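> This is the structure, below, for whatever I ask next.
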Amino acid sequence: MKKRWLPILFISSCFVNGSLIPVYAAENKNNEIKSLDSYTVVSEESAQNLSSSLIYSITENKAFKQGKSRS
């Protein structure tokens, strides 16, 4: 094969891949969303406790010190 065909083949393969990848991603998007509907990272109670303690720390100007001590 002559070397002058290599850029043409490369560009055409990029075009084909660029056309197919979004279609594949769109087909799998619904499956991923359905699987994440019932997925729980933390319980609602622990999220509320964390947010209330964070609000308290911010109002008492302790949030920066607590964050710095944990890292």
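A short reminder: the numbers here are calculations on the coordinates, not readings from a lab. Keep in mind that what you see is a predicted model, and the values were worked out from it rather than measured. Positions of Cβ are backbone-derived with ideal geometry, glycine not excepted, and every protein chain shown enters the neighbour counts.
> Between LEU9 and VAL42, with labels modelled 7 Å along Cα→Cβ, what's the label distance in nm to one decimal, could you check?
Taking the two extended label points, one gets 5.4 nm.
> For ILE55 and LEU20, calculate 0.36 nm times their separation in residues minus their Cα-Cα distance, and state this gained length in nm to one decimal.
Additional length available on full extension: 7.9 nm.
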